[in-house]
1. Does segment B:588-601 include one or more residues that are in contact with a Lys or Arg (Cβ under 8 Å, 6 or more places away or on another chain), closer than 30 Å to A:Asn292 by Cα and not small (Gly, Ala, Ser)?
2. Take the conditions more than 14 Å from chain A (Cβ to nearest Cβ) and either surrounded by fewer than 16 Cβ atoms within 10 Å (Cβ to Cβ) or not polar (S, T, N, Q) (or both) and apply them to B:Val245. Does it pass?
3. When segment A:357-408 is examined, which residues are found to be hydroxyl-bearing (Ser, Thr, Tyr) and closer than 24 Å to A:Leu554 by Cα?
4. Within segment A:492-499, identify whether any single residue is modelled with pLDDT of 80 or more, touching a Phe, Trp or Tyr at 6+ places or on another chain (Cβ under 9 Å), more than 30 Å from A:Val551 (Cβ to Cβ) and aliphatic (A, V, I, L, M), and answer yes or no.
5. Hey, among B:Thr491, B:Thr483, B:Thr436, which residue is crowded, with 17+ Cβ neighbours inside 10 Å and more than 23 Å from the chain's Cα centre (by Cα)?
6. In segment B:528-548, is there at least one residue being within 14 Å of chain A (Cβ to nearest Cβ), assigned to a helix (DSSP H, G or I) and not small (Gly, Ala, Ser)?
7. Mind listing just one residue for me: the one in segment B:97-126 that is within 13 Å of another protein chain (Cβ to nearest Cβ) and of a type in the set (A, V, I, L, M, F, W, C) and, of those, farthest from the chain's Cα centre (by Cα)?
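The values are calculated or read from the model by the stated rules, or taken from the named source; none is laboratory data. Quick caveat, the model's predicted, so the values are computed rather than measured. For neighbour counting, all protein chains shown are included, and Cβ atoms are generated from backbone atoms with ideal geometry for every residue, glycine included.
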There are 2 protein chains.
Amino acid sequence: MQLGLSVSDSDVSSFTPLVVLELADDTKAEAITWLLNRIRDKQQNGGAELLVNQLLFPAQDDQKPNPNVFVVGSTLQRLLNGAEDVGLFKEFQDGTMRGFTYANRESFNDFNEGFLSDAECQYIIKHELDTLRAKNEEHVPGYPKLKLYPGKSVVRRLQSKGVLNQYFPLHNKEDLKRLSFSWYKKFKLSFQPLDDIRHYFGEGLALYFGFLEYFTFALVPMALIGIPYYLFDWEDYDKYVLFAVFNLVWSTVFLEVWKRCSATLAYGWGTLSRKKAFEEPRAGFHGALGFNPVTGREEPVYPSSKRQLRIYLVSVPFVLLCLYLSFYVMMVYFDMEFWAINIYNEDPSIATSILLFVPSIIYAVVIEIMNLLYRFAAEFLTDWENHRLESSFQNHLVLKVLVFNFVNCFASLFYIAFVMQDMVLLRQSLATLLITSQILNQVMEAFLPYWLQRRRNKKVHKRMRRLMGDKELPLLGQVKLETEMNTYLGTFDDYLEQFLLFGYVSLFSCVYPLAAVLVVLNNITEVYSDAFKMCHVFKRPFSEPATNIGVWQLAFETMSIIAVVTNCALIGLSPQVKAYFPESDTQLILIVVAIEHVLLAFKFILAFVIPDVPKHIQVNLAKLEFDSLEAFKKREYKTKKEAGSEDQT
Amino acid sequence: MQLGLSVSDSDVSSFTPLVVLELADDTKAEAITWLLNRIRDKQQNGGAELLVNQLLFPAQDDQKPNPNVFVVGSTLQRLLNGAEDVGLFKEFQDGTMRGFTYANRESFNDFNEGFLSDAECQYIIKHELDTLRAKNEEHVPGYPKLKLYPGKSVVRRLQSKGVLNQYFPLHNKEDLKRLSFSWYKKFKLSFQPLDDIRHYFGEGLALYFGFLEYFTFALVPMALIGIPYYLFDWEDYDKYVLFAVFNLVWSTVFLEVWKRCSATLAYGWGTLSRKKAFEEPRAGFHGALGFNPVTGREEPVYPSSKRQLRIYLVSVPFVLLCLYLSFYVMMVYFDMEFWAINIYNEDPSIATSILLFVPSIIYAVVIEIMNLLYRFAAEFLTDWENHRLESSFQNHLVLKVLVFNFVNCFASLFYIAFVMQDMVLLRQSLATLLITSQILNQVMEAFLPYWLQRRRNKKVHKRMRRLMGDKELPLLGQVKLETEMNTYLGTFDDYLEQFLLFGYVSLFSCVYPLAAVLVVLNNITEVYSDAFKMCHVFKRPFSEPATNIGVWQLAFETMSIIAVVTNCALIGLSPQVKAYFPESDTQLILIVVAIEHVLLAFKFILAFVIPDVPKHIQVNLAKLEFDSLEAFKKREYKTKKEAGSEDQT
């Protein structure tokens, strides 16, 4: 059995290095010794039982390298035990997915070749490091101020106090080459290699790329309908009713079907039925030492009332202030717009007709900048709110960011559509906003980091060559390079971008049918640039066992409800529909409102009726549950019989 | 330790009889012998290990009594084992609710006195009887046509083929006397004895009475506001805006808070964290013998496509036809109404003013009759659809009945309010409908069955006395009496009635504020009549371990959403509001629609934000989960170590 890892650096490290651990370069020697001992110690002594080696970089002319860089690896036996600890699901010999147990290891398919993927091994090591807990130490040796208490995660404490700079998984050059070839190096019309992505980066990222692909494919029919609309009806914007109806149905069905796709993917990857581990407090959480009411363990406690005060007295007013600012900027944009139109009307020439687009472009850039600034502020505020769990932190962050981004990006469009009722301006504004933000995004997200990374790469390569001549030192070089790469901050920004694009398409594409086409084009390049940035710009991220796209499903569904309302209103405003009710607006409005209510009701019924998990997976899940129930009954019966016989004696 | 049951008939039965089993009087002797053997047989032989005795009624002059009536009881040890089988939750010594295990029995609170309630003992016996499965028998002895297959529930097969007439739990006279005294015999203003009800009838019924009480109390503020409205503004129906707004907020908060109450009750009763048992096919389900894809067991299989065909080609058209009929009847009612108004206008006298109410009263009676007839049809149709699971059967039945009842009861009111826009007629119609249906309901539900039961009681008493003289035979007499009582068909009709009352209040009470008062009065008598009917009119029902009010929560929530829309529309129609927009209806409608959308959004956010389970119960549940996780880890670690040591040898 092999793990698919090449031990290419037997002189540097006697095992396959999987994870890099970088401590601050002024860390005290006794702390290091203590940490390494705890990592190497046997499990029954409360250690992690992992392999760990120091990497010594040769000194350089101008600056001393950090001596405290370590690589961590593991024996196969330890990894398999760890796979059971983290509750990994694997394909059983009968084709269903079952929780891996070491005792039944031979009954799992493919146990003898590449059973655990790289990403899984690294995830297991991360889990073992994270759950390495303090025993009786009162503080970290050498640091009397770094208090510990029994059960506190050592790595989290070191990380939150800045002793542990970072720990990250190493890339596997061969696998990466293979993956990037099948992923983006050959230009072809085919599906993305989701299984390979999951194998290398884990389920969370693979689900994102799955969603990206699904979203793009789902947009294709819309784009195909949009092109003739655009070509033949450019100025005849009355005819958008049919398109709006299509929009409505599409956005509902799209999300319902995705749930089923995502369940299918997650089942195949074994994350669907995986039990959630008990959630630990997040690394940044602080408070007076108290007792957790659930576990009874000593840990920091922070009164929920204080957090509520911070949320309602600081965060909410801040968000409202930001929203006000965003409205203010919008009003400035409209002033600019009128000014440009006035100039054009006074002197209609090519130069002034180009000038017409300038306000929108400037506004789009300002929107992006405001989004970016707000993102930092939101992260700071949410951190300051001191949430105990990572999930609650994420929910509050997502909520803050979504509300602002939604208002910031779409307020002007709503204003143009429903207050000014100027469909020509709406179309022009939408186009400029969409195109500008796409270009900005691609630059900010991929090209800029890539360019910075290339410069850094070259510098490192040069430095290395100067030091060792042409003699290559692959592991040392690789670690050096990857240590200095940027950290990938998770799929948040990627989903946010897709969310806003979904908004542009589902809310207003009936007045600008090319929106779907633009988003499809954007997403095709997005796949490539995202793939490239994952492989070459950022540090490899730890895999995340995701079951679905989480809070984003809710966000997309909310958007699609808003889309129903918006599209109905746009239909009601269209001159074509208005022509049917020449006498009274009242009747028209009542009918539109009635239709909207019916559509919303239909949407909810549809969401309720379509099962979230496809039938055959439901059967498999029920099977699993039934088997475990039966096994449980048997075991209970056995213990009961034993207890009974004890009773009689 | 005692179970609280008095063994008063030691000559008839040597154990406390808990459940009565009545077979058809022409059942073949070999089938009876076989069934009794299976019930008495030890558990390791696949039997139920229960105690069972025949009851021999003395022969009567005119007719032979059924010789095949049996009483079933159990030893305490068997009941405790059974409590573990059904997954009963009890209060542990640390105050939390935990799954009972026989091994830890001493660690549960109150283990030594009245640990298992009557209702629980009977539920356990029912469970053991239901899970008495066929072994290798190919058919029931003596009945070659009653096919069996390994794993088929014997009792269900006997029941579905009419060999087993019925089985039901016996009343406990002393407990019943105590319960009925604290419940309805003393007139007092206090809460209902929910814990006692639960003790005697089980969680399902106790939750219904809890809901009834909660709903009634929630209506009190509304009724208090309604009275002055009614007294001082009877003809000034413009002023209902404030009342409609109150209505809106009330109906949302009411349901959200109930969820928390119900979770608190269910936690205290140990049903909240109880795992659902694997659901067996319902008794009436039939189909060709095949293999269950989940359990792999042989059982009847019915293709889902056939069921879909039945639903969409027969049931749906039938429901639509009934709805059409209901509309037709409504139109006839309006004709009658106009005819009555015409007569009154021609000759306004007391007689003709009374005539004004006649059409509504007739219509209300017709509605009730149609509801009743439809109920039978719906049950027949849903049964014919051949659903595999009881839960799916219930869902389809509830959906069918709710849709029809909603339309049948409220269509005329909607028509009057929004098409005719006649608020005076709406108020009058609402009052007549509400009062008539309340009176009819009370009669049909309690007084009629009570009267029939009294007649029957007297006959049985007389017959018994004639046979045995004054010598009393309590058990025989009790069984005889209870065998002939009507069976309580579950809480369906009771919830349905509350659902319709909730509709009257939340949809239209702003135009007729007395509605809340009437509903409060109705519910106060309802509590008494329902309590009385449970104690003295019906057979004691088996207890049902309910966690919440199930599909009815959804039904009430849907109603409260419809209530938002209706109330907003009523506000928009009010002359008071219209006066603010003298120029254009359009603006008024737009504002009302906007407010409605905001309210709906607010409602959804509220439902999302308010946690369904109170904090302290969440903590307790998390504690339980944490402990079981820790225990699981320890056990896994042990088995892993054992496996590891085996591995090394």
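1. For segment B:588-601, residues in contact with a Lys or Arg (Cβ under 8 Å, 6 or more places away or on another chain), closer than 30 Å to A:Asn292 by Cα and not small (Gly, Ala, Ser): absent.
2. For B:Val245, the condition - more than 14 Å from chain A (Cβ to nearest Cβ) and either surrounded by fewer than 16 Cβ atoms within 10 Å (Cβ to Cβ) or not polar (S, T, N, Q) (or both) - is met.
3. As a first pass, look at segment A:357-408 and keep what is hydroxyl-bearing (Ser, Thr, Tyr): A:360, A:363, A:374, A:382, A:391-392.
Passing the criteria: A:Tyr374, A:Thr382, A:Ser391, A:Ser392.
4. No, segment A:492-499 contains no residue that is modelled with pLDDT of 80 or more, touching a Phe, Trp or Tyr at 6+ places or on another chain (Cβ under 9 Å), more than 30 Å from A:Val551 (Cβ to Cβ) and aliphatic (A, V, I, L, M).
5. B:Thr436
6. no
7. Of everything passing the filter in segment B:97-126, B:Ala103 is farthest from the chain's Cα centre (by Cα).
Residue-by-condition table, conditions (1) out of contact with any strand residue (DSSP E or B) (no Cβ under 8 Å at 6 or more places or on another chain); (2) at pLDDT below 90; (3) over 30 Å from B:Glu203 (Cβ atoms):
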| position | (1), (2), (3) |
| --- | --- |
| B:Ser14 | no, yes, yes |
| B:Val19 | no, no, no |
| B:Asn45 | yes, yes, yes |
| B:Ala48 | yes, yes, no |
| B:Leu51 | no, no, no |
| B:Gln54 | no, yes, yes |
| B:Gln60 | yes, yes, yes |
| B:Phe70 | no, no, no |
| B:Asp85 | yes, yes, no |
